Every structure is written in C-alpha cells, then in structure tokens.
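The values are calculated or read from the model by the stated rules, or taken from the named source; none is laboratory data. Remember, predicted model here, so these are calculated numbers, not experimental data. Every residue, glycine among them, receives a Cβ derived from its backbone with ideal geometry; neighbour counts consider all protein chains shown.
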Amino acid sequence: MTSPYEPAGQGIVPPGEEITSDDKLWALLDYVLTPVVPIVIMLMEDKKGRPFLKAHTMQALAAGVVAWVLIAVLGAVSFGCLGGIAAIVCWVALIYWGLQAYNGKYVKIPFLTDFVKRQSWGQ
C-alpha cells in the first residue's frame, strides 16, 4: 500500500478516493478544535471510516495532545511566560495544518505523522 503522504508535506490524494466538502470541513475543525472534535468524529459512525478524515482525525488528536503537554510543561517551568508563547505558536501551526486539510491535502507533521502511521491509528 502506498502512503498518501509526500515527503515535502504537500499531501496528495490517492487515486479513487473521494473527498467531499464535508470531509474537508471536518478535517479543518479537527485541527482548530483539537482534541474535542477528533474525539467526536471517532464516535460518529458515518465519519470514522472515511480514509481522509481518519488520517486527519488521529493526527490532529495527537498534535493536540502534544500541544497541550508542551504548553503545560513550558508554562510550569517558566511561570507562564513560555507557555503563552508556545500556545500561540501551536495555535498558528494547528490552523495552518487545518487549512491544508481544508484544501484537500494530506498533511505531514514532522515526527508526528510517522508516529501515527507506525501505530496504525490513521490507516
């Protein structure tokens, strides 16, 4: 099976896969409102089986967890200063990845995408 991810981070859509505008919107919301929306999508029977959504949902959930942990640790260590900066940086990154997903692309997040694929979460 070939991977839907390109090394440069500009995802391609595998042949024969239909990505609806609804899929794109949910993928955007996955990143912007992580970790709440990914959990909701995992509970929705009609959404959780869609390949495009499944890849983005698990990746967005993992990215959200990493972002929350990073913000909490940096905030605790620096009494909030670095936590605020980390929150802004994480939020901008999540919005960027969400917009890429909204454009119908598979997003490659360094280290995280490979981790999610190795765990077979996004397949």
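Specify the residue that is nearest to Leu94 (Cα to Cα); the eligible residues are those in region 21-72 that are polar (S, T, N, Q) and part of a helix (DSSP H, G or I). Per the criteria, the residue is Gln59.
Has region 76-84 got any residue that is within 22 Å of Thr20 (Cβ to Cβ) and either among the charged types (D, E, K, R) or touching a Leu at 6+ places or on another chain (Cβ under 7 Å) (or both)? No, region 76-84 contains no residue that is within 22 Å of Thr20 (Cβ to Cβ) and either among the charged types (D, E, K, R) or touching a Leu at 6+ places or on another chain (Cβ under 7 Å) (or both). Sort out which residues of region 103-112 are closer than 14 Å to Asp30 by Cβ and buried (at least 20 other Cβ atoms within 10 Å of the Cβ), and write them in order of number. Lys105, Tyr106, Val107, Ile109, listed by residue number. Applying a threshold of 6 Å to beta carbon distances and a minimum spacing of six or more residues, or different chains, the list of pairs starting in region 64-91 at a residue that is in contact (Cβ under 8 Å) with a residue 24 or more places away in the chain and at negative phi and ending at one that is of a type outside the set (A, V, I, L, M) and assigned to a helix (DSSP H, G or I) reads Ala67/Cys90.
Scan region 66-90 for residues that are within 20 Å of Val37 (Cβ to Cβ) and exposed (fewer than 14 other Cβ atoms within 10 Å of the Cβ) and jot them down. Hit for region 66-90 is Val69, nothing else. Count of region 37-88 residues, restricted to those that are β-branched (Val, Ile, Thr) and within 15 Å of the chain's Cα centre (by Cα), is 7.
Look at region 81-123 and say how many of its residues are modelled with pLDDT under 90 and not in a helix (DSSP H, G or I). Going through region 81-123 one residue at a time, the tally reaches 5.
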